[in-house]
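Only the coordinates and a few stated rules stand behind these numbers; no lab work does. No experiment lies behind these values; they were computed from the predicted model shown. Every residue, glycine among them, receives a Cβ derived from its backbone with ideal geometry; neighbour counts consider all protein chains shown.
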Amino acid sequence: MKLKLLYTLVLLFTVNILSVTAQSSKQQPLKVINYGENIKAPLTAKELSFINEVYGDQAEILVLNRPQRVKDIKHILRNRVVIQEHPGKDLSPYKPLSSVPLFNNYNKGLTRDSFFDANNFNVLKYSFDFYSRNENVMTYRIDNTNFLINIKPQHN
């Protein structure tokens, strides 16, 4: 009888511990995304070319026919990615762009740029974690340049 009571207490204690652990490991709810007024403007020709380059013949189905997806991509291109030059600064501590895989799921012919042009850089070509819950800016250096790419968190 005492053994049965002991087993019951141990079982209840274990269930209680597991329950508390499960509750504490739940992710916090996401913050609201503040898109900004510039998202209301239609896609520019350049933005549309970026989408078409990455999504190829699937661009209509996967992006352009999905208003929320278009809004998210506009937010990435217009508000969340900042490319800055830092002449004379040691950028070696930052992760190089060459370490980020291409996002070539829909366009197998997608290639890395042979030279870097900050005005025409298509950030959508790379598998950056744009939808991370991380609240820190992600920074990458453009290999063999003085440029950094800063990707702001979506929930800011």
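Okay, here's what the table says:
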| read-out | value |
| --- | --- |
| Test: residue in region 120-141 that is free of Cβ contacts under 8 Å to residues at least 12 places away in the same chain and more than 17 Å from P153 (Cα to Cα) | no |
| Residue that is farthest from the chain's Cα centre (by Cα), among those in region 71-112 that are of a type in the set (S, T, Y) and assigned to a loop (DSSP other than H, G, I, E, B) | S92 |
| Residue in region 129-153 that is farthest from the chain's Cα centre (by Cα), counting only those that are not in a loop (DSSP other than H, G, I, E, B) and not polar (S, T, N, Q) | F147 |
| Residue selected from region 32-56 under the condition outside any helix (DSSP H, G or I) and over 21 Å from the mean Cα position of the chain (by Cα), by the criterion nearest to T111 (Cα to Cα) | T44 |
| All positions within region 66-95 that are farther than 25 Å from N52 by Cα and hydrophobic (A, V, I, L, M, F, W, C) | L91 |
| Some residue of region 116-125 being more than 22 Å from T44 (Cα to Cα) and out of contact with any Leu (no Cβ under 6 Å at 6 or more places or on another chain) | no |
| Residue selected from region 113-123 under the condition surrounded by 12 or more Cβ atoms within 10 Å (Cβ to Cβ) and more than 16 Å from the chain's Cα centre (by Cα), by the criterion nearest to I83 (Cα to Cα) | A118 |
